[in-house]
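K.L.:
The structure that follows is given in the form of structure tokens.
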Amino acid sequence: MKTKIGIIGSGNVGSALLKGLTTAGHDAITSNEENVAEIARNSDVVILAIPFSAIDDVLKKLGSTINGKILIDATNALTPDYQLAVGFTTSGAEELQKKVPLAKVVKAFNTVFAQNMATGKLNGKILSAFAAGDDEESKKLVLEIEKSIGFDAIDAGPLANARQLEALGYFNIQLGYFLKNGTETGFIYSH
């Protein structure tokens, strides 16, 4: 299944997802600062691969172009000093859905380090990638996209479960960077 995917952000995450998605046969493209609305308008799925602090600015540029689209939130809801920006009564993804009520937000890819996003594998082992969202058809498509890259795609339930996915992403960052275990790590959910 070939999907037209626009990636907002061309840093480590955006570049890795672009590589993985194009290798999987999807029609994927990344944006620059000026063309985010055009990228979204011409895509079936839009991925936010930007810092959490840039979401409001990017949403202004996107305007209504994401209405009715699947919007994958790959951000980690962190403050500039690497603390959780929201707690366990909401999530960055749930707050994003409130800001864009006509989009279909799915939380995905935030628990994987960028260097593993292009293949879904680490040292020959298949990593788990989670997807949480309230629109079942949108979540199903995101799970298929994850599988197409090479991940073991796991349905993480409703968008409210993004609270746990964001905490898991934060924990992964803590393990990798702050506890100096490195980024050659990943989660494998055995099911």
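K.L.:
Condition first: free of Cβ contacts under 8 Å to residues at least 40 places away in the same chain and under 15 Å from the mean Cα position of the chain (by Cα). Can you find one or more residues in segment 111-129 that meet it? I'd like the intermediate steps shown before the answer.
P.N.:
Taking segment 111-129 first, the residues free of Cβ contacts under 8 Å to residues at least 40 places away in the same chain are 121, 124, 129.
If we keep only those that are under 15 Å from the mean Cα position of the chain (by Cα) as well, we get 129.
Within segment 111-129 (the criterion being free of Cβ contacts under 8 Å to residues at least 40 places away in the same chain and under 15 Å from the mean Cα position of the chain (by Cα)), the answer is yes, since at least one residue qualifies.
K.L.:
So, one more: Considering only residues that are farther than 21 Å from Asn116 by Cβ, at pLDDT 95 or above and surrounded by fewer than 22 Cβ atoms within 10 Å (Cβ to Cβ), which ones fall in segment 1-34?
P.N.:
Scanning segment 1-34 gives Lys4, Asp27, Ile29.
Okay, residues lined up against (1) in contact with a Lys or Arg (Cβ under 7 Å, 6 or more places away or on another chain); (2) among the β-branched types (Val, Ile, Thr); (3) under 17 Å from Ser10 (Cβ atoms):
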residue	(1), (2), (3)
Asn35	no, no, yes
Ile39	no, yes, yes
Val58	no, yes, yes
Leu62	no, no, yes
Gly68	no, no, no
Ile72	no, yes, yes
Ala85	no, no, no
Gln97	no, no, no
Val106	yes, yes, no
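K.L.:
Here's a follow-up. I'd like the full set of residues that are farther than 12 Å from Thr111 by Cβ and not charged (D, E, K, R), limited to segment 162-178. Step through it out loud before you land on a result.
P.N.:
Pass one, segment 162-178, residues farther than 12 Å from Thr111 by Cβ: 163, 174, 177-178.
Result: Gln174, Tyr177, Phe178.
K.L.:
Could I ask something else about it? Residues that are surrounded by fewer than 24 Cβ atoms within 10 Å (Cβ to Cβ) and of a type outside the set (Val, Ile, Thr), at least 2 per element: which strands (runs of 3 or more DSSP E) completely within segment 63-159 meet that?
P.N.:
Working: elements: 70-73, 104-108, 128-133, 152-155.
Here the list reads 152-155.
K.L.:
Kindly indicate the residue of segment 178-190 that is more than 18 Å from Ala153 (Cα to Cα) and in contact (Cβ under 8 Å) with a residue 12 or more places away in the chain and also farthest from the chain's Cα centre (by Cα) among those meeting that condition.
P.N.:
Only one residue fits best here, namely Phe178.
K.L.:
Answer yes or no: is there a residue in segment 75-96 that is among the charged types (D, E, K, R) and in contact with an Asp or Glu (Cβ under 7 Å, 6 or more places away or on another chain).
P.N.:
Taking segment 75-96 first, the residues among the charged types (D, E, K, R) are 81, 94-95.
Pick out the ones that are also in contact with an Asp or Glu (Cβ under 7 Å, 6 or more places away or on another chain) and you get none.
The answer is no; no qualifying residue exists.
K.L.:
May I ask you to list the residues in segment 55-82 that are free of Cβ contacts under 8 Å to residues at least 40 places away in the same chain and either farther than 21 Å from Asp134 by Cα or hydroxyl-bearing (Ser, Thr, Tyr) (or both)? First the steps, then the outcome.
P.N.:
Of all residues in segment 55-82, those free of Cβ contacts under 8 Å to residues at least 40 places away in the same chain come to 57, 60-61, 63-69, 71, 75, 79-81.
Once the filter is applied, which keeps residues that are free of Cβ contacts under 8 Å to residues at least 40 places away in the same chain and either farther than 21 Å from Asp134 by Cα or hydroxyl-bearing (Ser, Thr, Tyr) (or both), segment 55-82 yields Asp57, Lys60, Lys61, Gly63, Ser64, Thr65, Thr75, Thr79, Pro80, Asp81.
K.L.:
Give the residues of segment 65-85 that are more than 17 Å from the chain's Cα centre (by Cα) and more than 21 Å from Val142 (Cα to Cα), sorted by residue number. Give the steps one after another, and end with the answer.
P.N.:
Initial filter on segment 65-85 (more than 17 Å from the chain's Cα centre (by Cα)): 65, 67-68, 79-83.
Thr79, Pro80, Asp81, Tyr82, Gln83, listed by residue number.
K.L.:
From the list Leu59, Leu102, Leu96, Leu21, pick out the single residue that is more than 26 Å from Ser148 (Cβ to Cβ), in contact with a helix residue (DSSP H, G or I) (Cβ under 7 Å, 6 or more places away or on another chain) and of a type outside the set (Asp, Glu).
P.N.:
Values: Leu102 fails: in contact with a helix residue (DSSP H, G or I) (Cβ under 7 Å, 6 or more places away or on another chain); Leu96 fails: more than 26 Å from Ser148 (Cβ to Cβ); Leu21 fails: more than 26 Å from Ser148 (Cβ to Cβ).
The match here is Leu59.
K.L.:
Taking interchain pairs and intrachain pairs at least six residues apart, which have beta carbon atoms under 7 angstrom, with the first residue in segment 99-110 and at pLDDT 95 or above and the second assigned to a loop (DSSP other than H, G, I, E, B) and of a type in the set (Asp, Glu)?
P.N.:
Note: pairs meeting the criteria are Lys104/Asp135.
The values are calculated or read from the model by the stated rules, or taken from the named source; none is laboratory data. Here the structure is a predicted model, which is why all the values come from computation and not from measurement. Heads up, the Cβs are rebuilt from the backbone with ideal geometry, glycines too, and the neighbour counts pull from every protein chain shown.
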